[in-house]
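Only the coordinates and a few stated rules stand behind these numbers; no lab work does. Because the structure is predicted, anything quoted here is derived from the model rather than measured. Here Cβ is always computed from backbone atoms with ideal geometry, including for glycine, and neighbour counts include all displayed protein chains.
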Amino acid sequence: MSGFSEQLLIEPHYGVVVHRNFEPLYSDDNYARFYGYKSAQDILSLTSILELISPADHPKALQIYQDLMSGKQKPGVRTYKNIDKDNNELTVLAIDNIVDWEGVPAMQVIIIDFSYQFETQRNLMLSEERYRVLVDGSIQGILVHNNFKPLFCNNAYAQMFGFESEQALLETDSILALIPSEFHDQAYLDNRSLLAGDESVIKTESKGIRIDGSIVWVSLLSRTVIWDGAPATQITVMDITEQQLLRERLEHRANYDVLTNLLTRRAFNELLEKEFTYAQQHSNALCCVLIDIDNFKNINDKNGHRSGDIVLQSFASAAKKNLRESDFIGRWGGDEFVLILPKTDIGHAKMIADRLCNDLANLSIDIDNGNLSFSVSIGVSSFSEQVHNVETLLSEADKALYQAKHQGKGRVAVAS
């Protein structure tokens with residue numbers, strides 16, 4: 001179960017299961033309780049966790065499993081209909097990811113029971129048809145505007161964006177001030193489509209800006225109405241900030257290593273492919289840096305795995321301080337890390353690598369039984385006509401890393 005404790009370091013109110021071909025390999029008690037079972041052992045006794053998924057969602061679950069395990073699809077956040085022990089239907093938000101289980105890939109699923117929230121939103125969407133009921137004390141915001149000049153809003157909409165009253169909002173010239181500029185083009189397009197009759201209803205999600213500058217995420221349902229004898233746009237709005245932030249946290253879990261908060265190998269590979277393709281198309285410089293912590297096994301054996309974790313975290317923190325905003329770094333596996341330096345020639349890349357190597361050598365870490373220091377060996381490679389794909393770029397960096405190790409560790413070597 002190499003690395004498993006690091007990858008499942010999550011808050012206890014999430015349910016977690018690991019399976020291979022839907023045969024349960026691991027479950028926590030929270031996961032079991034979501035489905036009406038007493039303990040994780042009840043889940044492990046199941047022949048297949050497909051029993052917990054609505055039959056209508058079986059094809060979707062099977063396809064996603066195949067695509068994730070084959071690398072065709074990346075980990076992400078998805079919604080499923082599940083079934084508990086008593087055959088009650090649940091709506092769950094799930095994040096799927098690939099983990100190493102006893103040396104063989106398996107799927108890890110983190111779930112959150114969202115049945116109540118989804119049912120509440122569904123009921124609110126149904127009730128929006130009763131326009132006057134919504135206006136009278138609705139928790140949904142309602143706005144009517146003419147080309148973004150507000151004509152009417154209810155109290156819920158005004159409060160959602162931080163106004164003291166409806167009148168304070170209606171005195172503004174345009175609601176575009178409540179929408180980030182990157183969403184303006186889509187807002188104009190949607191509004192024209194509604195008023196032209198090309199669309200009768202438009203449902204979307206958008207980021208909003210409260211008057212104090214804070215961010216609110218909203219779900220929007222827009223349609224045309226007749227206001228004072230002329231067409232106008234009515235928007236029904238629900239605050240989904242909490243759900244959006246949760247989604248972002250779960251997506252972060254799928255793409256970042258829990259222990260070091262660096263990119264996972266899978267997420268890093270996707271970025272690396274994009275950067276390599278961009279460098280090829282624009283004839284840009286690109287360098288790859290492989291980094292290995294020297295004698296890491298000895299650190300663990302002598303000081304304990306907790307000290308090893310502290311070393312990995314200290315490395316990650318120091319590395320990020322040495323990088324530019326355009327650079328990105330990932331945990332390649334164990335005590336090995338990989339760094340990509342876009343638009344960087346080999347000379348500049350070596351300077352960055354040397355600085356990082358020296359900074360880490362001078363780092364002193366407090367552990368339970370005193371202070372600890374460590375060094376790293378680094379290999380640097382660069383994109384060229386001979387390096388025609390990502391695999392070669394990584395292979396050249398790996399050869400240089402081996403050279404640095406062979407020369408005595410704690411140093412930087414450049415691919416020849």
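In the range 176-230, which trypsin sites (Lys or Arg not before Pro) fall in coil by DSSP and have 12 or fewer other Cβ atoms within 10 Å?
none
Which ³J(HN,Hα) values, rounded to whole Hz and listed in residue order, are derived for the range 320-336 from phi using the Karplus coefficients 6.51, -1.76 and 1.60 in 6.51 cos²θ - 1.76 cosθ + 1.60 with θ = phi - 60°, glycine and proline given as x?
5, 5, 8, 9, 8, 4, 7, 8, 9, 9, x, 8, 6, x, x, 9, 10
Give me the angle, in degrees from 0 to 90, between the Cα long axis of helix 241-255 and the longest principal axis of the Cα atoms of the chain, rounded to the nearest 10.
20 degrees
When N counts the residues of the range 184-308, how does its alpha-carbon radius of gyration compare numerically with 2.2 N^0.38 Å, as a ratio?
Rg over 2.2 N^0.38 Å, computed on Cα atoms: 1.77.
Have a look at T277, L52, T241 and report the one farthest towards the positive end of the charge dipole of the chain, computed about the Cα centre with Cβ charges (Lys/Arg +1, Asp/Glu -1).
My answer, from the dipole projection, is T277.
What does the helix-only formula give at 222 nm for the chain: each DSSP H stretch with n ≥ 4 adding -39500 (n - 2.57), the total divided by the residues, and the result rounded to the nearest 500 deg cm²/dmol?
So the helix-based figure for the chain works out to -11500 deg cm²/dmol.
Based only on other Cβ atoms within 10 Å, what is the fewest-to-most ordering of M351, M238?
Ranking M351, M238 by Cβ neighbours within 10 Å, fewest first, gives M351, M238.
What net charge do the residues around V109 carry, taking every other residue with its C-beta under 10 Å from that of V109, with Lys and Arg at +1 and Asp and Glu at -1?
Net local charge, V109 excluded: 0.
So which aspartates and glutamates can K350 reach, going by Cα to Cα under 16 Å and dropping same-chain residues fewer than 8 places off?
Leaving aside aspartates and glutamates fewer than 8 places away in the same chain, those within reach of K350 are D292, D327, D359, E396, D398.
Would you work out which of L339, F296, V387 lies farthest towards the positive end of the dipole of the chain, given +1 charges on the beta-carbon of Lys and Arg and -1 on that of Asp and Glu, about the Cα centre?
V387
List the aspartates and glutamates whose alpha-carbon lies under 19 Å from that of K85, not counting same-chain residues fewer than 8 positions away?
E23, D28, D29, D42, E51, D57, D113
To the nearest 20 Debye, how big is the dipole of the range 229-286 about its Cα centre, given +1 on the beta carbon of each Lys and Arg and -1 on that of each Asp and Glu?
Result for the range 229-286 is approximately 120 debye, rounded to the nearest 20.
Which order results if E336, E248, E385 are arranged by neighbouring Cβ count within 10 Å, fewest first?
E385, E248, E336
Cross-link list K321/K343; K38/K81; K207/K343; K274/K320; K81/K274: which exceed 27 angstrom alpha carbon to alpha carbon?
From K321/K343; K38/K81; K207/K343; K274/K320; K81/K274, over 27 Å: K207/K343; K81/K274.
On the first, second and third principal axes, largest extent first, how far apart are the outermost C-alpha atoms of the range 4-113 in Å?
35, 30, 24
Express the relative contact order of the chain as a whole percentage, based on alpha carbon pairs under 8 Å and six or more residues apart in sequence.
10 percent
If contacts are Cα pairs under 8 angstrom and at least 6 residues apart, what is the relative contact order of the range 255-414 in percent?
The value is 28 percent.
Bin width 10 Å, alpha-carbon pairs only: give the P(r) of the range 255-414 as whole percents, running from 0 to the bin holding the largest distance.
For the range 255-414, the binned pair fractions read 11, 42, 34, 11, 2, 0 percent.
Only four residue types carry charge here, +1 at the Cβ of Lys and Arg and -1 at the Cβ of Asp and Glu. Report the dipole size of the chain about the Cα centre in Debye, rounded to the nearest 20.
680 debye
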